[in-house]
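A.B. asks: Provided herewith is a single structure, encoded as structure tokens, for subsequent inquiry.
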Amino acid sequence: MLRAIAVAPSGRWPHQAAATVTLGYDDRHRRRVVLTADNGMRFLLDLPETTLLHEGDGLRLEDGSWLAVRAADEDLVEVTAPLGDALVRFAWHLGNRHLPADLGAGRILIRDDHVIVDMLRHLGASVRRVRAPFNPERGAYQGLQAHHHHDHAHGHDHE
């Protein structure tokens, strides 16, 4: 069984994939697990640390070939606003709660959580359930982790 031993972000790998692997959001946050590519090929994801895979990322197999990561359609909630400025306010409230959010032109996609959906409706958001790939924003420090150690012994105030 081939091993996938490295991840390269979208745009930073050859994009000549031997196959694709389509995974839901929860299944894209892994370190070591046997997966099946869309063509039926089984492989071992064997990374040095737990990594969140994103749509378009490449997995380098130990034989030098690549697999393309695809985000599967999932049940999500689309958040929109009657006025553009309100959408920024909704995004702030979601970020303040550390919720993963897929930000796009004129809309935010989130996982369905009735408490959060009710809060957003109370704030004036329009919400509707959709089925789409979920590709939340990468954390600001995610790309830096491979280059240096990030000390987490800092204060974290939410005012």
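A.B. asks: Out of curiosity, is LEU87 part of a strand (DSSP E or B) and more than 13 Å from the chain's Cα centre (by Cα)?
C.D. replies: Values: part of a strand (DSSP E or B): no; more than 13 Å from the chain's Cα centre (by Cα): yes.
In short, no.
A.B. asks: Identify, from the list ILE116, ILE108, the residue that is open to solvent by less than 60 Å² (accessible area, probe 1.4 Å) and part of a strand (DSSP E or B). Please lay out each step first, then the result.
C.D. replies: Values: ILE116 fails: part of a strand (DSSP E or B).
Criteria check complete, one pass: ILE108.
For (1) under 28 Å from THR50 (Cβ atoms); (2) assigned to a strand (DSSP E or B); (3) modelled with pLDDT under 95; (4) not aliphatic (A, V, I, L, M), each residue gets a yes or a no:
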residue	(1), (2), (3), (4)
ALA68	yes, yes, no, no
HIS93	yes, no, no, yes
LEU120	no, no, no, no
ALA132	yes, yes, no, no
HIS154	yes, no, yes, yes
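A.B. asks: Within segment 123-134, can you find the residues that are open to solvent by 40 Å² or more (accessible area, probe 1.4 Å) and either of a type in the set (D, E, K, R) or under 13 Å from the mean Cα position of the chain (by Cα) (or both)?
C.D. replies: Across segment 123-134, the qualifying residues are ARG128, ARG129, ARG131, PRO133.
A.B. asks: Given GLU78, GLU74, GLU55, which one is in contact with a Leu (Cβ under 7 Å, 6 or more places away or on another chain) and open to solvent by 20 Å² or more (accessible area, probe 1.4 Å)? Don't jump to the end; show me each part of the working.
C.D. replies: Numbers: GLU74 fails: in contact with a Leu (Cβ under 7 Å, 6 or more places away or on another chain); GLU55 fails: in contact with a Leu (Cβ under 7 Å, 6 or more places away or on another chain).
Just one listed residue meets the conditions, GLU78.
The values are calculated or read from the model by the stated rules, or taken from the named source; none is laboratory data. This structure is a prediction, so every number in the text was calculated from the model and none was measured. All Cβ positions, glycine included, derive from the backbone under ideal geometry; neighbour counts span all protein chains shown. Quick note on the areas: whole protein, heavy atoms, side chains included, nothing else; ligands and nucleic acids left out. Shrake-Rupley method; radii C 1.70, N 1.55, O 1.52, S 1.80 Å.
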